[in-house]
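So the structure is just underneath, and the comments pick up after that.
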Amino acid sequence: MLEENKVNRVAIIGYNRIPFARQNTNYSNAGNADMMTAALSGLIDRYNLGGKLLGEVAGGAVIKHSWEINLMRECVLKTSLDPKTPACDIQQACDTSIEAAIYIANKIALGQIEVGIAGGVDSTSNVPLVLGEKLRKVLLSVRRSKTFGEKVKQILKLRPKDFVPVAPMNKESQTGLSMGEHTEYTAKHYDIPRQEQDAFALESHVKMGKAYEEGFFSDMLSPYLGLQRDNNLRPDSNLEKLSKLKPAFSKENGSLTAGNSSALTDGASCLLLASEKWAKENNHPILAYITFAEVAAIEFTQNKHNLLLAPIYASSRMLDKAGLKLQDFDFYEIHEAFSAQVLATLKIWESDELSSQFGLGKGLGVIDRSKLNVKGSSLAAGHPFAATGTRVIAGMAKLLHEKGSGKGFISVCAAGGHGITMILEK
């Protein structure tokens with residue numbers, strides 16, 4: 001599958017997203033296809049891709065309607081890309097778009113394609129409503145019934161309460177707990193105080209607010225449905241306001257709040273990846289290269305505090321393969337699902353004792369916190385599940401491009417006990 005057994009370098013050459021919106025605000029009537037098409041169209045316009053035949057487009061959504069079985073292909077057909085451009089759907093919870101980036105990157109590395117787009121989208125406002133299980137079974141029985149009398153007999157089994165729809169739940173099927181409830185276990189297990197969580201959340205908002213003022217995001221977003229920037233952003237917040245918020249997931253000694261947890265969000269993002277050859281032939285500057293990536297999973301049903309800690313495994317394995325130390329990076333991006341989850345990850349890295357509980361020989365060590373999430377992250381921007389990965393990669397690629405050199409470390413946790421880490425280099 002390789003030409004001359006040579007692995008092609010994978011270049012990041014473009015990015016785009018729409019501003020992220022809190023649930024039930026600006027995008028309450030926009031669906032996944034609407035938002036993903038808007039993000040793709042912005043990317044296509046910015047990098048003059050109209051009419052071009054690309055190798056493939058990959059991405060997906062975590063929350064999908066039953067008719068969205070071919071979401072990314074349908075979105076491609078709504079853009080100005082050559083309609084012969086293939087597309088596929090990928091889903092791995094919050095890791096979805098970073099997993100899509102790995103998928104496209106691997107095809108480029110193997111020489112199967114020269115250029116592709118990875119992305120993700122999610123709406124937590126426009127969610128599918130499911131029939132109750134009793135209503136579903138009765139309707140199927142009616143469909144199978146041979147006579148009118150049999151149909152009526154089945155219908156008479158229904159009661160008014162059976163017609164109440166069931167909304168999708170943000171819970172782990174293995175435990176019945178939400179990500180927030182699992183992270184309450186994490187915060188208690190690793191002794192992450194409420195004050196530290198609030199301080200970390202405030203820092204994210206302040207950093208992102210400053211980045212907007214400096215114009216860092218000016219070439220990274222396409223305005224959409226009245227939004228010019230993420231409407232979850234609160235750069236004027238303060239510790240006093242955050243300290244007054246009530247626990248969101250555990251009323252008894254809970255430390256996670258709406259302020260130190262990422263909000264339910266709507267949005268879409270995408271990334272343009274290519275071989276060096278294609279980038280040069282089409283006059284696109286190379287922002288950074290994807291050089292290593294690692295996907296991991298962790299047991300969390302018995303150890304409920306583990307749900308969002310799979311990047312502990314991924315980071316250790318990836319650094320071993322890359323021959324690098326955790327301290328060898330110019331920038332770090334850890335997806336901020338919750339302040340407590342980021343702070344727990346850092347604490348485990350710093351501790352030989354805690355790292356040994358994961359079967360690791362020793363901790364990865366301390367990082368320079370001034371290099372972490374330097375433009376703010378998910379606590380400020382919001383977290384449309386499948387869209388976060390490519391947003392994170394885009395920000396890291398721009399940081400490295402502006403610096404002109406260096407390495408970036410990315411870590412994204414996800415539901416289902418998943419986690420992905422990635423290295424970008426300039």
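The values are calculated or read from the model by the stated rules, or taken from the named source; none is laboratory data. Keep in mind that this is a model prediction, so the values were computed, not measured. Counting neighbours? That spans all protein chains shown, and the Cβs are built from the backbone with ideal geometry, glycine included. Ligands, DNA and RNA are stripped out before the accessible areas are found, and what is left, the full protein with its side chains, is counted by its heavy atoms. Shrake-Rupley method; radii C 1.70, N 1.55, O 1.52, S 1.80 Å.
Key figures for this structure:
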| read-out | value |
| --- | --- |
| Selected from V138, V295, V366 as most flexible by GNM, with the chain as the system and alpha-carbon contacts under 10 Å | V138 |
| Interchain or long-range residues, amide H under 5 Å from G14's placed H | L272 |
| Exposure of C413 as accessible area (Å², to 10), given a probe of 1.4 Å and all protein chains | 0 |
| Order of exposure, largest accessible area first, which applies to Y313, Y185 with probe 1.4 Å | Y185, Y313 |
| Table column - 3J(HN,Hα) (Hz), the range 316-325, Karplus curve with 6.51, -1.76, 1.60, x for Gly and Pro | 5, 5, 5, 5, 4, 5, 7, x, 10, 9 |
| Rounded to the nearest 20 debye, dipole of the range 268-426 from Cβ charges on Lys, Arg, Asp, Glu | 240 |
| Largest to smallest accessible area among T147, T388 [probe 1.4 Å] | T147, T388 |
| Subset of K64/K157; K52/K107; K325/K347; K171/K371; K207/K280 violating a 23 Å alpha-carbon distance limit | K64/K157; K171/K371; K207/K280 |
| Antiparallel %, DSSP beta bridges [both residues in the chain], to 5 | 70 |
| Rounded if a/c under 1.5, otherwise prolate or oblate - the range 63-118, Cα gyration tensor axes | oblate |
| Candidates V166, V127, V62, ranked by Gaussian network fluctuation over the chain, Cα under 10 Å, top entry | V166 |
| Full-extension gain in nm, N5 to K241, via 0.36 nm per residue minus C-alpha separation | 79.1 nm |
| Dipole in debye (nearest 20) - the range 1-93, about Cα centre, beta carbon charges: Lys, Arg +1; Asp, Glu -1 | 220 |
| Gaussian network model of the chain, springs between alpha carbon atoms under 10 Å - residue of L326, L256, L158 with greatest fluctuation | L158 |
